[in-house]
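**Q** Dropping a structure here in structure tokens format, bear with me for questions.
All of the numbers you see were taken from the coordinates with simple rules; none came from a lab. In this text, all values refer to a predicted model and were calculated from it rather than measured experimentally. Virtual Cβ from ideal backbone geometry, glycine too; neighbours counted across all protein chains shown.
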Amino acid sequence: MFKKSKVCTALMLAFGGSVGLTVAPAFAQTPAAEPMARVEVTGSRIKRADLEGALPVTVITRAELEKSGSTTVAEYMRTSTFSSAGNFRPQSGSSAQSFAGIDLRGLGSDRTLVLLDGRRLPKAPNVGDSADLNTVPMAAVERIEILTDGASAVYGSDAIGGVVNIITRKDFDGLAATVGYTKPDSEGGEKREASVLMGVQGEKGRMIMGASKTGRAMVYTRDRPWGQSLGVSSFGNNYFTAAGGLESIGFLRGTDPSVGCKDPNFYLSGRVCAYNFNAVAADEAQIDSQSFFARGETQINNDWSAYVAASATNTTSFGRYAPTPAQLTVKANTPNNPLPRNITVRHRTAAAGNRDSNTDAWLSNVAGGFQGKLAKNIELDVGFSYTSSTYKELGRNYIVRPILEQYVNDGTYNLYSPNANSPDVLSAIKATIGRDGYFKQKDLYAIGTMYDLFKLAGGGVSLLASVERRTESFGDVYDSLSEAGVIEGSAGNSATGTRTVTGAAVELVMPFTKTIEATLAGRFDKYSDYGNDFSPKASVRWQPLKTLTIRSSIGEGFRAPSLPQLNQKETFSAESVIDPKTCIAFGGSATGPAADNCNIGKQVQIDSYTAANGALKSEKSSQWSVGGVWDATSYLSLKADFASIEIDNKLTLIGAQDLIDRSNGTDPRAIPAGLYVQRNANGVITRVQQGYANEGTLKAQYLDVSGQLKWKSAYGSFDHELRYSNTLKYNDDGSDVRGTLGLPEYRATLTNNWKLGAFGVTVNSNIIGENGVTAGRIADQYITHDIQGSWTTPWKGKLTAGFLNVTDKMPQLVAFSGRNFNFNLYDSYGRQAYVRLEQKF
């Protein structure tokens, strides 16, 4: 029976323990005399005693997470050497403002499978193709296992780049509370954390439950060193001259260029009325998350146990972007244009206010099942899970372009004095936009394992067979104005869809000798919306010495088209492209300088449409790896792995200009099925159907090396670990982009731990290699250092304090993806002091 203090028992009952202890799962405790128990390691579902298997798995322990100074799973994973190109993190003004992804190998978060206790996390509704790490509370995590090899033969789609399996805590016994605070030297980005964890264990079961709350404050550009400079944006209050230049609209009324440049965030730069977006915009969104989680297990009899788990996470964010930029056509001889010709104006609607976005996301999960023995050598695990992920977004102060353009042309809106426009006029041109999303996933599964199927020289053969049926429902619905494409500064492309996935997998482990073990695996997946896939894999583990393990694998994988790609609604866009036939038919010339020459650079506006492509199939991968682990001495362990991957028929977005170039013959590639360029008898483009298609090949190779040194002396125990990952090759459709902007050649971390009695010190170093040889832009090697000290108190507490980025290193300002620096690889927090207190009862 359960044995626990009166305080802990009372709290468990108060928070729902009376229900959990009756229904929640548990398992019998392993007798102390029993040899090494079988455990499941990511990459295989066959439990075994050998932790170092035929596949490269890196385990991040709970202690490592705590010593990192990170308060969220997403924050920690951004330091991983396997995140070659970094990971997407919450960005103010982004359509994925609250999203935090994990991208292994730089292959994309949509090619990285994220599991929670071995079952796949649902996709985030605001992206539709990747899991959101912000939905997993750090307080619930026991360890993180990272498989850096393809694993479709075991898990199915998305595991091309690897697998991140987040294992939750199950064995905690007692009551613990944690609070922490982090303060950067620079303004903004403060972190708060608080959690409580309760657990009870007994002869017939165990239960754990907890709650946590974390948050990080917004980071405004103006609070960083580079934010003190004037942000340069031509979207201030300017018009294009007849010669094609840009100057303040003040010149339309004479000689005073400052007319129309009277906003505090506008400034006159020569003849241009520029806008200082640094004064108002935020780099990073404010994020707040609160979670509740519970898991229990109970022993039914000697052979069977039951388990149940439930969790709920709410993540909210607030982001601020600069006021809407708008490019308008102002007709001749109108109140805002005294010229006898139409003009194009680049206007910033600063008087209407900043674009503010609030998001509110929920992820709720319930899972349960039974584990037991059908016979002495046959084990069965059957279960279910249901996950609901919802997302709501509200954006304020966005501009309805047709109304603004109408008001500018009839004089209702005063371009020359934007701040003098009445509140009624400003309200009439603004819209509050919305977005509602969901991703719901139902999963039923059964996994049967037979040990000692028959004997080989090295031992008994193990066979695993599993079946799974998963239903996915997705929706991402924008407001009607965004869908219609009339909102300036934002656009929407709604999608809804449902599909069923049926999968069956087999694994066979064959110990041919005491030192050689081979594993064969294969999985068949049937998708209700596009087709079928089969993924085979073979791996070999050779242990010539007790201290040396050599391993190798070869296999195939796939990534299914996402539900947004298969179900997005058609969206219209008027795009400017280069197409000689249309240009000449519209009266253009085939001679003259580039800007006026239809055959070189003169652009025309065409109608393009983006929609789902029903001809999509899955992209395929083939990969192989070889590596080994050498326990050189009792205190030194070395590991090295080489991996090669090739992805064919990539799921790629093909844009209008690419399709037009192919239709003209300037690009020899064929137009993919489902996409087209439609022309009339004169050759004029009447419609371009763009979208996703299966096209292209990516080839990449990687080398991972790590070493761990542990030793003791009279001055304490020491632990040092170096992890190094090098992208040896990254060839995307014939272009080797290794080391270019956004993809460093290597990443490394060095961890040093010292412990003596109740005291401990950790020093971490994080290294990102040089990247950015594109267009002369280079981001130099980037190194930061963290330091932490801890004291385990006599009253069952632990006080931790430290500094992240102790040298106050700031990112190099090499622009990337519309930002001052690469947000995926670097951050602008600078030095961060933190303190954390944990108390157990």
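**Q** Along Cα→Cβ, 7 Å out, is where each label goes; now give me the distance between the ones at L453 and I600 in nm to one decimal.
**A** 6.9
**Q** Let me ask you something else. With a Förster radius of 56 Å, plug the Cβ-Cβ distance of T591 and S528 into 1/(1 + (r/R0)^6) and report the FRET value to the nearest 0.05.
**A** Details: r = 56 Å, r/R0 = 0.99.
Calculated value: 0.50.
**Q** Calculate, for S765 and E646, the FRET efficiency according to 1/(1 + (r/R0)^6) with r their C-beta to C-beta distance and R0 45 Å; round to the nearest 0.05.
**A** On the way: r = 34 Å, r/R0 = 0.74.
FRET efficiency, S765 to E646: 0.85.
**Q** Take T513, project a point 7 Å from its Cα along the Cβ direction, then tell me which residues of region 614-654 have their backbone nitrogen under 14 Å from it.
**A** none
**Q** Where does the charge balance sit around T315 when Lys and Arg score +1, Asp and Glu -1, over other residues with C-beta under 10 Å from its C-beta?
**A** On the way: positive: none; negative: D132, D288, D360.
Neighbour charge sum, excluding T315 itself: -3.
**Q** For a footprinting-style exposure proxy, rank I287, I487 by other Cβ within 10 Å, fewest first. All intermediate terms of the calculation are to be shown ahead of the outcome.
**A** Working: I287 25, I487 22.
Listed from fewest to most nearby Cβ atoms, that is I487, I287.
**Q** So who's got an amide H within less than 5 Å of the one on L741, skipping anything under 5 residues away but keeping other chains? H placed 1.01 Å off N, in plane.
**A** G772, V773, T774
**Q** Okay, moving on. What full-extension length gain, to one decimal in nm, is calculated for D808 and W362 as 0.36 nm per residue of separation minus the Cα-Cα distance? Provide the component values of the computation, followed by the final result.
**A** Details: separation 446, 0.36 × 446 = 160.56 nm, distance 3.50 nm.
Here the answer is 157.1 nm.
**Q** Still on this structure, I have one more. Treat every Asp and Glu Cβ in the chain as -1 and every Lys and Arg Cβ as +1, leave all other atoms uncharged, and give the resulting dipole magnitude about the Cα centre to the nearest 20 debye.
**A** On the way: 86 positive and 82 negative charges, 270 e Å.
Using only the charged Cβ atoms, the result is roughly 1300 debye.
**Q** Write down the percent of antiparallel bridges among all DSSP beta bridges whose residues are both part of the chain, to the nearest 5. Don't skip to the answer; put the middle values down first.
**A** Numbers: 327 of 337 bridges.
Bridges in the chain that DSSP calls antiparallel: roughly 95 percent.
**Q** Shifting gears a bit: On full extension of the chain, what length is gained from I778 through A681, given 0.36 nm per residue of separation minus the C-alpha to C-alpha distance? Walk me through the intermediate numbers first.
**A** Numbers: separation 97, 0.36 × 97 = 34.92 nm, distance 4.89 nm.
Result: 30.0 nm gained on full extension.
**Q** At a 10 angstrom cut-off on C-beta neighbours, averaged per residue, how do the peptides 72-79, 463-470 rank from highest to lowest? The partial results should precede the final answer.
**A** On the way: 72-79: 22.9, 463-470: 17.9.
Result, highest mean Cβ count within 10 Å first: 72-79, 463-470.
**Q** Just to confirm a number: summing +1 for Lys and Arg and -1 for Asp and Glu over residues other than K376 whose beta-carbon lies under 11 angstrom from that of K376, what do you get? Walk me through the intermediate numbers first.
**A** Numbers: positive: K373; negative: D303, E379, D452.
My count for the surroundings of K376 gives -2.
**Q** Amide H to amide H, which residues 5 or more places from E142 or on other chains are under 5 Å from it, using H placed in the peptide plane?
**A** Amide H neighbours of E142: I167, T168, R169.
**Q** Additional query: Does region 553-593 come out rounded, prolate or oblate, given a ≥ b ≥ c as the square roots of the eigenvalues of its C-alpha gyration tensor, rounded meaning a/c under 1.5 and, failing that, prolate meaning a/b above b/c? Intermediate values should be presented prior to the final figure.
**A** Values: a/c = 6.27, a/b = 2.26, b/c = 2.77.
In terms of gyration-tensor shape, oblate.
**Q** Exactly which trypsin sites (Lys or Arg not before Pro) in region 355-459 are in a DSSP loop and have at most 12 other Cβ atoms within 10 Å?
**A** K376
**Q** Let me ask you something else. Modelled label-to-label distance, V626 and V486, 7 Å Cα→beta-carbon offset: nm?
**A** My value for the distance between the label points is 6.4 nm.
**Q** Considering just Cα atoms, how many Å³ per residue does the convex hull of the chain enclose?
**A** 174
**Q** Separate question: Based on the Cβ-Cβ distance of A177 and D410, what FRET efficiency does E = 1/(1 + (r/R0)^6) give at R0 = 56 Å, to the nearest 0.05? Working shown, then result.
**A** On the way: r = 63 Å, r/R0 = 1.13.
The formula returns an efficiency of 0.30 here.
**Q** Given 10 Å bins starting at zero, what is the percent of C-alpha pairs of region 739-841 in each, up to the one with the largest pair distance?
**A** 14, 36, 25, 16, 8, 1
**Q** Using +1 at the Cβ of each Lys and Arg and -1 at the Cβ of each Asp and Glu in the chain, identify which of G489, L374, T324 lies farthest towards the dipole's positive end.
**A** Farthest towards the positive end: L374.
**Q** Going by alpha carbons, how many degrees (0 to 90, nearest 10) lie between the helix axis of 401-410 and the longest principal axis of the chain?
**A** Tilt relative to the chain: about 20 degrees.
**Q** Once you put a point 7 Å from the Cα of F384 and another 7 Å from the Cα of S269, both along the Cβ direction, what distance in nm separates them?
**A** Going by the 7 Å Cα→Cβ label model, 6.0 nm.
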